[in-house]
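Please read the structure below before turning to the comments.
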Amino acid sequence: MSETEHEAASGAGPVSGAGAGPGAGPVSGPVSGAGPAPGPGTAAAPGPGTAAASGPGAARRHVGVGMVGYAFMGAAHSQGWRTVGHVFDLPEDPRLAAVCGRDGAAVRADAERLGWAAAETDWRALVARDDVGLVDICTPGDSHAEIAIAALEAGKHVLCEKPLANTVEEAEAMAAAAERARARGQVAMVGFNYRRVPALALARRLVAEGRLGALRHARFTYLQDWLVDPGAPLTWRLRKDRAGSGALGDLGAHIVDLAQYLTGEAVAGVSALTETFVRERPLAGGWGAGAPGGLGAAGGAGAGAGGAGAGAGGAGAGAGGGGAGTGTSSGSRTRGAVGQVTVDDAAVFTARFPSGALATFEATRFAAGRKNALRLELNGSDGSLAFDLERLNELSFHDHTAPAASAGFRRILVTEPDHPYVDAWWPPGHGLGYEHSFVHQARDLLHAVATGTTPEPSFADGLAVQRVLAAVEESAAKNSVYTPVVA
């Protein structure tokens, strides 16, 4: 499942079936105001969509980016692609060649708003473009595998939103495709953007340096509240066939990835509980005036890239991958048609690492008052660290080897030039935000493209997360029995 919202959430209007079939082709070519896309006439380069610059500064190269889906996560990724070359020195500059969505008028409007040179209504047409060398997938999870594998087989680099897929089988196929592409010099990365928050990158550095000693405990929570109102509509995020899972995949995938990234260990086994608190919800448009708001309030029917060749337009709604939840509104409502919620609303589980360290995880979209509360703490024999996403420029650290009289948690303000990523930004004390993680993600991927090195998190890392999520679902279905994670 990706972190894309319904196109209506970006002001683009509802998705329609028009132009969604195969062969729809580009909507109208270049979008006015966005600048021309580099075409096949640009200088030759090793990979598709990659070209050498001409004239002054000709040593710089560029790679054409094509993005599928353009609402919440599409906007966040666009911000990253637009900004990265203005902040970091890059071996290759990104060019925003084309964006794809099923609604022609909507995708044209958002292409111009977000800075893309052209618009497409069929993701296959976007993948086939000569000026696209990297495909960025921001669609619901049921389309990730089809688009990613097709892009890799077409010789493109790939960035895919999290979680990697809806099932382990899909994730295995994607990881295998990425490995085959790796032999051809292509790279593939999963969009776990929180790895790129400087404070969390610093946390990883401290763990790797041994500052915590032997790991004993790890605690991870990711809490949102956009589904507290039982009148919030049934969107694609609440349908297993579209999303794969609920809070587990949407939020739990992030904290599982962070657990494995920060500790440097793979989760070995889990014991889990999941629950669906509200089992029926109104279909989108099923409420009258005063319908609930919040992430996911716009309906997701007909969204995404289908097997019939529909281009994925980032349709559907929901709290995305770290996208802040919103409050709900109440008012006079008229009961309409309802549908079944087929995913979890919350997941809690304990876990064990191979080292013997124990971990707890909680993911929910029912924590009233918690908009985007991702918190974690690691405890080791020599120290501890803690992080709160709502204070994302800070890392708490305790050195247990210090004298007891002066020991204790201290706040590290992660804004110094020698902190990860920060030297490219502002003077010390000037904080960064959520959107900067997508700039850092673009920076790291472009370096991997230029050097041919495997980026992190790779599709193999995404598969590892998917296997943990599957073990959680299996354990919960078996009354919380301890379930090893299949390696």
Quick check: anything in region 140-147 surrounded by fewer than 24 Cβ atoms within 10 Å (Cβ to Cβ) and outside any helix (DSSP H, G or I)? no
Please determine, by comparing only the residues of region 162-192 that are in a loop (DSSP other than H, G, I, E, B) and among the charged types (D, E, K, R), which one is surrounded by the fewest Cβ atoms within 10 Å (Cβ to Cβ). Arg184
Give the residues of region 471-487 that are assigned to a helix (DSSP H, G or I) and either surrounded by 14 or more Cβ atoms within 10 Å (Cβ to Cβ) or polar (S, T, N, Q) (or both), sorted by residue number. Ala471, Val472, Glu473, Glu474, Ser475, Ala476
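Report, by residue number, each residue of region 364-409 that is in a loop (DSSP other than H, G, I, E, B) and touching a His at 6+ places or on another chain (Cβ under 8 Å).
The initial filter retains those residues of region 364-409 that are in a loop (DSSP other than H, G, I, E, B), namely 365-372, 381-382, 392-393, 400-409.
Within region 364-409, Ser381, Asp382, Ala407, Gly408, Phe409 qualify.
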Residue pairs within 7 Å by beta carbon, gap of at least six or interchain, first lying in region 388-401 and under 14 Å from His419 (Cα atoms) and open to solvent by less than 30 Å² (accessible area, probe 1.4 Å), second hydrophobic (A, V, I, L, M, F, W, C) and in a strand (DSSP E or B), listed first then second, are Leu395/Leu385; Leu395/Phe387; Leu395/Ile412
Given (1) touching a Leu at 6+ places or on another chain (Cβ under 8 Å); (2) surrounded by fewer than 12 Cβ atoms within 10 Å (Cβ to Cβ), Val414 misses just (2)
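One line per residue, one yes/no per condition, for (1) at positive phi; (2) of a type in the set (Gly, Ala, Ser); (3) in a loop (DSSP other than H, G, I, E, B):
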{"position": "Tyr194", "(1), (2), (3)": "no, no, no"}
{"position": "Leu200", "(1), (2), (3)": "no, no, no"}
{"position": "Arg204", "(1), (2), (3)": "no, no, no"}
{"position": "Gly213", "(1), (2), (3)": "yes, yes, yes"}
{"position": "Thr221", "(1), (2), (3)": "no, no, no"}
{"position": "Arg237", "(1), (2), (3)": "no, no, no"}
{"position": "Ser245", "(1), (2), (3)": "no, yes, yes"}
{"position": "Gly249", "(1), (2), (3)": "no, yes, no"}
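Quick check, is Gly285 at pLDDT below 95 and assigned to a loop (DSSP other than H, G, I, E, B)? It would help to see each step written out before you state the result.
Numbers: at pLDDT below 95: yes; assigned to a loop (DSSP other than H, G, I, E, B): yes.
The answer is yes for Gly285.
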Where a residue in region 345-373 is under 21 Å from Glu275 (Cβ atoms) and among the β-branched types (Val, Ile, Thr) and its partner, wherever it lies, is open to solvent by less than 40 Å² (accessible area, probe 1.4 Å) and modelled with pLDDT of 95 or more, with Cβ under 6 Å and at least six apart: Thr350/Ser271; Thr364/Leu223; Thr364/Ala247; Thr364/Ala346
If we ask which residues in region 63-72 are at pLDDT 95 or above and either in contact with a Cys (Cβ under 9 Å, 6 or more places away or on another chain) or open to solvent by 10 Å² or more (accessible area, probe 1.4 Å) (or both), their number turns out to be 4
So, Gly433, is that one over 27 Å from Ala253 (Cβ atoms) and not in a helix (DSSP H, G or I) or not? no
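The values are calculated or read from the model by the stated rules, or taken from the named source; none is laboratory data. Remember, predicted model here, so these are calculated numbers, not experimental data. Because the Cβ atoms are built from the backbone with ideal geometry, glycine has one as well, and the counts that use them run over all protein chains shown. These area figures cover heavy atoms from the full protein model, side chains too; ligands, DNA and RNA do not enter into them. Shrake-Rupley method; radii C 1.70, N 1.55, O 1.52, S 1.80 Å.
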